[in-house]
Amino acid sequence: GAGVSQSPSNKVTEKGKDVELRCDPISGHTALYWYRQRLGQGLEFLIYFQGNSAPDKSGLPSDRFSAERTGESVSTLTIQRTQQEDSAVYLCASTSRDTKETQYFGPGTRLLVL
Amino acid sequence: GENVEQHPSTLSVQEGDSAVIKCTYSDSASNYFPWYKQELGKRPQLIIDIRSNVGEKKDQRIAVTLNKTAKHFSLHITETQPEDSAVYFCAASNTGTASKLTFGTGTRLQVTL
């Protein structure tokens, strides 16, 4: 079936504006993760959703960052009042109940804050 | 929380030679250790993983070893080819509490002709 998809693929915004990033996980995948990857660096965990449980928000860098997920479907990551240091690729991944550790990544959204 | 360190940050080998990337982790409760390959501008993709109940796993030219006592694990690529050039990330998680992965900082592998 289709893999994890993300939109938009690229986003350029001005400092201070809000942005919303979307992730469509693989159908039937119960868990969904958001990561941030700054240029030339590793993947930084942001937030984790598992079914209807309370999300693990321990990686969110500030209260400007928030994410939502309805059930086991689409998730949106919102960054309010964007700053230049928010510029990065935002990656989404999902896992299934059967192979729960294997994370399948989306192509990412490249965010540039001017 | 978990902390994963990865070395080296860059690695250049000649085609046909072997490449070794090493990672250490801090949380003794971690029990799952995947390796991801990320080509330039592409998404990370799982290439091999190992669980804490085994010490070594091999898949063709790729092998991973795990030393639980020392809390380190390594990726070995033999007979390297130009298409192996990419950034490789190790990661660790405790699947008993959550599947949240903590990633290393990555190794940029360059295979030269």
- Count of segment B:34-44 residues which are loosely packed, with under 13 Cβ neighbours inside 10 Å and either within 9 Å of another protein chain (Cβ to nearest Cβ) or on the phi > 0 side of the Ramachandran plot (or both): 1
- Can you find even one residue in segment B:11-19 that is outside any loop (DSSP other than H, G, I, E, B), within 10 Å of the chain's Cα centre (by Cα) and on the phi < 0 side of the Ramachandran plot? no
- Message: Condition check: touching a residue at least 40 places away in the same chain (Cβ under 8 Å) and more than 9 Å from chain B (Cβ to nearest Cβ). Does A:Thr95 satisfy that?
- Response: no
- Within the set of pairs 6+ apart or on separate chains, which have a first residue in segment A:46-61 that is within 11 Å of chain B (Cβ to nearest Cβ), a second that is part of a loop (DSSP other than H, G, I, E, B) and modelled with pLDDT under 90, and C-beta atoms under 7 Å apart? A:Tyr48/B:Ala98; A:Tyr48/B:Lys100; A:Gln50/A:Thr30; A:Asp56/B:Ala98; A:Asp56/B:Lys100
- Which residue out of B:Arg108, B:Arg61 is within 14 Å of chain A (Cβ to nearest Cβ), out of contact with any Lys or Arg (no Cβ under 8 Å at 6 or more places or on another chain) and among the basic types (Lys, Arg)? B:Arg108
- Task: Within segment B:31-83, track down each residue that is assigned to a loop (DSSP other than H, G, I, E, B), touching a residue at least 12 places away in the same chain (Cβ under 8 Å) and among the β-branched types (Val, Ile, Thr).
- Result: B:Val54, B:Thr78, B:Thr80
- Task: Please tell me if A:Phe65 is within 11 Å of chain B (Cβ to nearest Cβ) and in contact (Cβ under 8 Å) with a residue 12 or more places away in the chain.
- Result: no
- Message: Given the options A:Ser27, A:Ser9, A:Ser53, name the one that is of a type in the set (Ser, Thr, Tyr), farther than 25 Å from B:Trp35 by Cβ and in contact with a Gly (Cβ under 7 Å, 6 or more places away or on another chain).
- Response: A:Ser27
- Report whether or not A:Gln84 is away from chain B (no Cβ under 14 Å), in contact with a strand residue (DSSP E or B) (Cβ under 7 Å, 6 or more places away or on another chain), over 18 Å from B:Gln45 (Cβ atoms) and at pLDDT 95 or above. yes
- Message: So in segment A:24-66, with the set limited to residues that are among the acidic types (Asp, Glu) and under 18 Å from A:Ser87 (Cα atoms), which one is surrounded by the fewest Cβ atoms within 10 Å (Cβ to Cβ)?
- Response: A:Asp63
- For segment B:84-97, how many residues are touching a strand residue (DSSP E or B) at 6+ places or on another chain (Cβ under 6 Å) and either at pLDDT below 95 or part of a strand (DSSP E or B) (or both)? 9
- Give B:Thr24, B:Thr105, B:Thr10 a once-over and let me know the one that is within 25 Å of A:Arg38 (Cα to Cα) and touching a His at 6+ places or on another chain (Cβ under 6 Å). B:Thr24
- Task: State whether one or more residues within segment B:71-92 are closer than 21 Å to A:Ser96 by Cβ and among the basic types (Lys, Arg).
- Result: no
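The values are calculated or read from the model by the stated rules, or taken from the named source; none is laboratory data. What you see is a predicted model; the values in this text were computed from it and never measured. Note that we place each Cβ from the backbone using ideal geometry, even for glycine, and neighbour counts take in every protein chain shown.
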